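Take a look at the structure set out below.
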Amino acid sequence: LSERLSGALANLRGKGRLSDADIDTTAREIRIALLEADVALPVVRGFISRVKERAKGAEVSGALNPAQQVVKIVNDELVSILGGETRRLRLAKEPPSVIMLAGLQGSGKTTLAGKLAHWLKNQGHTPLLVACDLQRPNAVNQLQIVGERAGATTFAPEPGNGVGDPVDVARRGIAHAREKHYDIVIVDTAGRLGVDEELMKQAADIRDAVSPDETLFVVDAMIGQDAVATAEAFRDGVGFSGVVLTKLDGDARGGAALSVREVTGEPILFASNGEKLADFDVFHPDRMASRILGMGDLLTLIEQAEQAFDQERTAQAAAKMSTGELTLEDFLEQMLAVRKMGPIGNILGMLPGAGQMKDALAQVDDKQLDRLQAIIRGMTPAERADPKIINGSRRLRIANGSGVTVSEVNDVVNRFFEARKVMKQMAGQFGFGSRSATKK
Ligand code: GDP
Ligand code: MG
């Protein structure tokens, strides 16, 4: 909503150019946000320099301050890079289509094989899993288990034949799929803990044997900056046509997404965010951009607040929000600060097309603010600091003193608790408190 609002306001305001100083200052903040999101340094550099170029040509909108405007450009750029060439799985004209999974050990390939099979089945496909990880003793069994859970068949080398040849298994798996009319083959491969030649050669041999329609590079989002070197090694050693990010449910900040995308230019097709079959989705660039820019979003909020509050107040309020200690006193103070920006009617007045509704709305809102103010002023300092103590008899006293009904007092107190709860959640999610504490 706020984005649409500012978009609307922007059209009504004056034009100009962002100054180099504005751009540089904000670019520094963005750089920190990207590094904190675990984007690799060379990628950050390249990205920032492109954003600066774009920002230089951008027109200034009156609704966003220059810093916010650069943040917006960064966000747009991130979304377009992360999703620029989003496409569906590439399937063969003649079934079976072959999807090969490659990546380091533990990146989530086998788990993904099950998730993909489940997802494809729901779309009416008949996937066959092929177990080509013969490196780890348990790997075939693990694939069979996830396959069963997904309701898909697994093609595996016959037990008791010693260690089989993964290339041979891959070849026979495809033949089996053709014979039994499976329309998609998912080839699970082995991985090592680090990139190594032998692993790459094996994966390349399997690739040559099955000519995949899609080779998906599976990468654990938690590896952050290492994603660059790993992606480069797989690009050169095996080659891939798409990327799957896994373990996004961990505390991964999403930097790996941008790094891999920038370095290889290949699209991110899917995202995995848990161990269960259903913890899987097609990749959403906008969600990933907000995740990477979590810090940037926060900056925007802080920036907006600073138009009305002095910095000290903001820092105090942010610290209180993060611990959930916001008091009614703060609540009142912030409300008054919002009013300093002018009557609500003026703010609404900038919106096109609100018509006659506007005036009516404006009056009601200002009156409600007045009443809210009266109620909070009718409380003792102790009550404002610790609203939990406001019991029935106190509510009656406050109502009488402020010329309102008890239910209106209840309403204010309840809404305050609700707001405090939301702020606490938001603070937890965005690390509001810690960021604000370091911001001077
Ligand atoms: P592989 O070696 O590449 O086949 O990786 P696995 O599929 O065996 O996964 C390694 C570990 O990561 C297993 O314990 C999985 O349960 C876990 N795992 C895989 N994907 C995810 C994910 O998206 N989120 C979480 N939390 N764990 C995952
Ligand atoms: Mg595996």
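For S80 and L35, the FRET efficiency from 1/(1 + (r/R0)^6), where r spans their Cβ atoms and R0 equals 25 Å, is about 0.75.
About its Cα centre, what dipole magnitude does the stretch 26-148 give when the only charges are +1 on Lys and Arg Cβ and -1 on Asp and Glu Cβ, stated in debye to the nearest 20?
Numbers: 16 positive and 11 negative charges, 39 e Å.
My answer is approximately 180 debye.
Each residue in K109, K52, K121 was given a count of other beta-carbon atoms within 10 angstrom of its own, and listing them fewest first yields K121, K52, K109.
In this label model, A229 and R90 are separated by 3.0 nm, measuring between points 7 Å along each Cα→Cβ vector. Per-residue extension of 0.36 nm, minus the Cα-Cα distance of A382 and A21, leaves a gain of 125.3 nm for this segment. Measure out, as a whole number of angstrom, how far apart the alpha-carbon centroids of the stretch 158-219 and the stretch 27-57 sit. After rounding, the separation between the Cα centres reads 39 Å. Remark: for residue pairs K72/K276; K72/K421; K247/K421; K52/K421; K109/K180, the C-alpha separation exceeds 31 Å in K72/K276; K52/K421. Distance between the pseudo-spin-label points of D165 and N138 (7 Å out from Cα toward the beta carbon): 2.9 nm. Computed from label points 7 Å out along Cα-Cβ, the spacing between E198 and R50 is 3.9 nm. Would you mind checking which residues have amide H under 5 Å from R192's amide H? H placed 1.01 Å from N; only 5 or more apart, or other chain. Amide H neighbours of R192: Q105.
Annotation: extensible slack from R178 through D286 equals 35.0 nm (criterion: 0.36 nm per residue apart, minus Cα-Cα distance). In the stretch 97-282, if the dipole is taken from +1 on Lys/Arg beta carbons and -1 on Asp/Glu beta carbons about the Cα centre, which of N273, A190, G106 is farthest to the positive end? Toward the positive end, the furthest listed residue is N273.
Here's the list of aspartates and glutamates a cross-link from K367 could span, going by alpha-carbon distance under 14 Å and ignoring same-chain residues fewer than 8 apart: D359, E408.
Rounded to the nearest 20 Debye, what is the dipole magnitude of the stretch 144-250 about its Cα centre when Lys and Arg each give +1 and Asp and Glu each give -1 at the C-beta? Kindly include the intermediate steps, with their values, before the conclusion.
Details: 10 positive and 19 negative charges, 52 e Å.
Here the size comes out at about 240 debye.
Coordinate-derived values only; no laboratory data. Worth saying up front: this structure is predicted, and the values here are computed from it rather than measured. Cβ coordinates were reconstructed from backbone atoms using ideal geometry, including for glycine residues, and neighbour counts include every protein chain displayed.
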